[in-house]
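The values are calculated or read from the model by the stated rules, or taken from the named source; none is laboratory data. Bear in mind the structure is a predicted one, so any value in this text is a computation, not a measurement. Note: ideal-geometry Cβ built from the backbone for every residue, glycine included; neighbour counts use all protein chains shown. The accessibility values were calculated without ligands, DNA or RNA, using every heavy atom of the protein model including side chains. Shrake-Rupley method; radii C 1.70, N 1.55, O 1.52, S 1.80 Å.
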Amino acid sequence: MTTALTYPPRTLGPEQEAMRAEVRAFLQKDYAAGGFGRGQEAMARYDVEFSRRWGQAGFIGITWPKQYGGRGLTFLDRYVVTEEALAAGAPVGAHWVADRQSGPLLLKYGTEEQRQRFLPKIIAGEAFFCIGMSEPDSGSDLASVRMSATRVDGGWKLNGTKLWTSLAHICHYMIALVRTSPVNPENRHEGMSQMIVDLKAPGVEVRPVYNLAGEHHFNQEVFTDYFVPDENVVGEIGAGWEQVMSELAYERSGPERILSTFQTLVELVRQVGDDPSEVEARAIGRLTAHLMTLRGMSVSVAGMLADGKMPVTEAALVKDVGTNYCKEVPEMARLICPPEDGAGNSKYEKMLKTATLIAPSLTIQGGTREILRGMIARGLGLR
Amino acid sequence: MNEMRTLILDTAERIFRDICDQALVDKAEKGEWPAGLWQTLEESGLTQASVPEERGGAGGTIGDGLYFLKTASRYVAPLPLAETLIAGVLLAEAGADVPAGPLTIAPVRKGEVIEFSDGKLSGTASRVPFAHGASAIVVATSAGLAIVDPKNVKIDRDKSMAGEPRDTVTFDGASATIVGSVSPDRIWELGALARSVQMAGALEGILAMSVQYVQDRKQFGRTLSKFQAVQQSLAAMAGQVAAASSASDTAIEATEAGDPGVAIAVAKARVGEAAGVAAELAHQAHGAIGFTHEYALHQFTRRLWGWRDEFGGEPYWQAEIGRQVAKAGADNLWKFASRT
Ligand SMILES: Cc1cc2nc3c(=O)[nH]c(=O)nc-3n(C[C@H](O)[C@H](O)[C@H](O)COP(=O)(O)OP(=O)(O)OC[C@H]3O[C@@H](n4cnc5c(N)ncnc54)[C@H](O)[C@@H]3O)c2cc1C
């Protein structure tokens with residue numbers, strides 16, 4: 001009679017703890033040398049030079065085969081590498097998408113030529129990718145994408161607009177989801193394909209979209225008769241939907257979904273000091289208990305990936321619970337340790353401010369709360 | 001999962017499914033001891049799964065006993081299974097034999113002390129689960145662990161909001177022998193762990209009930225499960241239940257590995273919170289029928305509301321964790337949380 005989704009506890013082994021030591025040593029040294037500034041929502045923050053050093057230290061693509069420059073390690077090792085970077089507040093945004101999903105996508109569906117062309121560069125921290133899924137009229141309803149790809153000699157011609165593309169302005173490539181044949185009302189998931197778009201080639205204009213904090217994080221890209229050569233098509237023409245869905249298990253359950261506001265908690269602990277009041281201790285204890293529980297669930301999903309499973313629903317649930325938790329951190333912090341009506345400039349207040357400003361995005365990007373809960377409901381057998 | 005544990009859990013599942021139904025729980029809450037269920041479990045070696053064979057148990061680990069307890073709680077088995085498990089573990093740790101029959105433990109509340117001197121006990125323990133009817137009370141006294149015959153103490157009966165016996169036991173003048181040592185917080189810690197595990201089991205129970213109910217019940221010409229608002233709230237409930245189960249399983253594994261650290265505190269704090277949220281959502285999904293005595297949901301939710309406050313509620317354990325975090329310091333928060 002169990003209906004519940006289960007997350008068997010997974011203990012990280014000595015190999016993972018050795019990896020952790022390696023990553024920590026690198027981060028400590030790099031930070032001490034003034035290499036990077038700490039911050040939160042680390043996957044939105046970028047530093048191209050940091051990504052290069054990170055890649056050269058061997059921390060990108062560590063699960064990929066050695067023949068492409070990877071380390072051939074497991075998802076649990078990757079988990080440790082990424083959680084340490086995020087917990088340290090390192091600016092991992094530039095290489096994040098390529099490491100998390102573009103590389104794995106090419107390994108699964110790409111041609112051998114594509115793997116050889118792109119993977120070593122990604123691993124070296126020299127090729128950055130972004131996700132070209134959303135459009136002005138296609139958000140949650142991704143199957144409604146309109147960007148058209150028409151067949152031309154030796155390739156495809158793209159026309160249309162992609163929107164909300166994180167860090168497109170610093171990326172070299174986008175993997176775009178496009179329509180290679182008109183919508184079939186009987187099966188909306190047909191006729192879509194994925195293509196690698198070189199953002200530096202002619203025919204695409206990347207325009208900034210400033211977020212509510214006035215920052216340039218995401219973008220709009222307008223494609224006008226943009227040419228994609230055949231060798232840049234990923235996988236099968238027409239199989240784009242299935243390929244995109246396979247990316248999502250990697251995208252949703254990682255440590256980024258539970259650590260987006262971690263630095264606020266760190267600064268809250270610092271602010272409160274070593275002799276907290278009962279109320280302060282309870283708030284910090286509650287937030288820590290949630291974090292530790294979520295981490296256990298997230299590691300469990302990494303273990304399922306390591307075992308070759310495709311825990312799509314389990315991952316959606318971790319993202320739902322995790323992102324709601326991340327949004328609670330600044331709300332609880334301000335109640336127990338009130339900032340000075342927005343005027344304060346202490347480290348704590350700065351973190352609290354950025355956490356408050358990024359919070360709305362956390363339950364929207366990568367699948368909204370409602371869409372994720374819809375997936376969980378399907379997993380429960382309700383739809 | 002090893003073979004022994006699979007066997008334990010399969011056997012338990014079968015017994016509870018066959019015998020532990022709503023009517024049995026109802027009768028137990030009215031004061032009728034479910035002798036048949038107890039006997040079946042005891043004969044199958046399940047009530048002392050965690051005790052070594054030479055001490056009178058089935059020779060399993062503490063994890064075996066705790067996962068059995070989780071299964072039992074998916075059926076809200078109205079027996080002192082948690083207390084018998086804890087008593088057995090305490091006695092085995094002290095190097096003593098474990099008596100047969102249902103056992104309980106005392107004291108279960110902070111600040112209550114049972115003194116031992118000259119072979120006699122003094123002091124009162126309140127809210128002792130299932131004291132009447134227990135074959136022995138295992139007491140953490142000021143001088144060590146004692147086994148006490150309930151016939152030698154005064155028992156004033158009371159009940160929890162779930163109808164589970166919570167008695168006041170006056171030990172004054174009762175004779176006892178110390179069978180070994182016990183650390184002062186051991187009952188409290190194992191109690192918090194056991195209640196976390198029980199709540200996690202009951203939470204899985206109410207999720208399953210709710211999912212089933214909304215697929216059966218029709219309004220506006222379709223099953224409730226077709227309404228997106230209902231789907232969304234059951235998905236939110238699934239999130240709470242999954243978190244609760246993960247936190248309690250993690251505490252079980254950490255205890256089994258002999259290094260629970262902060263895992264029990266995390267479990268009690270996190271599961272207790274999930275209990276409140278999920279119980280609310282379960283009742284909402286059921287409408288009026290869930291608010292009746294006739295329908296079984298309350299057998300689960302009343303236990304959840306009761307168990308979350310026993311052996312320290314969320315505030316107690318949250319503050320405990322918070323003080324440890326504060327002591328470790330901001331720059332060690334990550335090491336603390338990742339236990340590395
Ligand atoms: C910071 C940030 C970065 C992003 N980065 C990228 C990126 O790099 N690449 C990319 O492709 N996209 C990116 N996105 C876009 C993101 O994937 C979409 O915002 C998301 O899929 C939701 O689409 P939408 O914004 O159009 O909202 P909509 O789909 O219009 O939804 C609006 C509201 O309606 C609800 N809703 C919609 N449909 C349903 C339904 N069927 N049932 C119930 N409720 C529903 C939603 O849950 C939401 O609350 C980013 C978004 C943000 C905020």
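Observations on the structure shown:
- Residues in the range A:329-376 that are touching a Leu at 6+ places or on another chain (Cβ under 6 Å) and within 16 Å of the ligand (Cβ to nearest atom): 1 in all.
- For residue B:33, the conditions (1) in a helix (DSSP H, G or I); (2) touching a residue at least 60 places away in the same chain (Cβ under 8 Å) are fulfilled apart from (1).
- Residue pairs whose Cβ atoms lie under 8 Å apart, separated by 6 or more positions or on different chains, with the first residue in the range A:337-366 and more than 16 Å from residue A:260 (Cβ to Cβ) and of a type in the set (D, E, K, R) and the second in a loop (DSSP other than H, G, I, E, B) and away from the ligand (no atom under 16 Å from the Cβ), are A:349/A:339; A:349/A:340.
- Filtered residues of the range A:138-176 (kept if more than 21 Å from residue A:238 (Cα to Cα) and either within 9 Å of the ligand (Cβ to nearest atom) or of a type in the set (Gly, Ala, Ser) (or both)): A:163, A:164, A:165, A:166, A:167, A:168
- In this structure, residue B:145 does not qualify as open to solvent by less than 40 Å² (accessible area, probe 1.4 Å), at pLDDT 95 or above and under 30 Å from residue B:242 (Cβ atoms).
- Restricting attention to the range A:250-275, the residues being facing chain B (nearest Cβ under 9 Å) and either among the β-branched types (Val, Ile, Thr) or surrounded by fewer than 24 Cβ atoms within 10 Å (Cβ to Cβ) (or both) number 9.
- Taking the criterion of being in contact with a Ser or Thr (Cβ under 6 Å, 6 or more places away or on another chain) and within 16 Å of the ligand (Cβ to nearest atom), the residues of the range A:110-131 that qualify are A:129, A:130.
- Put simply, of A:211, A:184 the only residue that is within 16 Å of the ligand (Cβ to nearest atom), over 30 Å from residue A:116 (Cα atoms), more than 14 Å from chain B (Cβ to nearest Cβ) and open to solvent by less than 50 Å² (accessible area, probe 1.4 Å) is A:211.
- Against the test of being open to solvent by 60 Å² or more (accessible area, probe 1.4 Å), over 18 Å from the mean Cα position of the chain (by Cα) and at pLDDT 95 or above, the options B:308, B:323 yield a single qualifying residue, B:323.
- Number of positions in the range A:36-46 that are touching a Leu at 6+ places or on another chain (Cβ under 9 Å) and more than 16 Å from the ligand (Cβ to nearest atom): 1
- Residues (within 14 Å of chain B (Cβ to nearest Cβ) and open to solvent by less than 10 Å² (accessible area, probe 1.4 Å)) located in the range A:353-379: A:372, A:374, A:376, A:377
- Scanning the range A:1-26 for residues that are modelled with pLDDT under 95, out of contact with any Leu (no Cβ under 6 Å at 6 or more places or on another chain) and either closer than 16 Å to residue A:292 by Cβ or small (Gly, Ala, Ser) (or both) yields one hit, A:11.
- Here residue A:107 passes the criteria (1) crowded, with 24+ Cβ neighbours inside 10 Å; (2) within 20 Å of the chain's Cα centre (by Cα); (3) away from the ligand (no atom under 12 Å from the Cβ); (4) not polar (S, T, N, Q) except the one numbered (1).
- Selection count where residues are among the small types (Gly, Ala, Ser), in contact (Cβ under 8 Å) with a residue 24 or more places away in the chain and more than 30 Å from residue B:26 (Cα to Cα), scope the range B:156-183: 6
- Within the range A:16-38, the residues that satisfy the criterion of being in contact with a helix residue (DSSP H, G or I) (Cβ under 7 Å, 6 or more places away or on another chain) and either more than 13 Å from every other protein chain (Cβ to nearest Cβ) or open to solvent by less than 80 Å² (accessible area, probe 1.4 Å) (or both) are A:16, A:19, A:20, A:23, A:24, A:27, A:30, A:35, A:36.
- Take the conditions (1) more than 15 Å from residue B:112 (Cα to Cα); (2) not in a loop (DSSP other than H, G, I, E, B); residue B:167 misses just one of them, which is (1).
- Among the residues making up the range A:285-304, those that are more than 10 Å from every other protein chain (Cβ to nearest Cβ) and surrounded by fewer than 24 Cβ atoms within 10 Å (Cβ to Cβ) are A:303, A:304.
- Considering the range B:318-328, the residues that are touching a Gly at 6+ places or on another chain (Cβ under 9 Å) and either of a type in the set (Asp, Glu) or facing chain A (nearest Cβ under 7 Å) (or both) include one that is farthest from residue B:250 (Cα to Cα), namely B:326.
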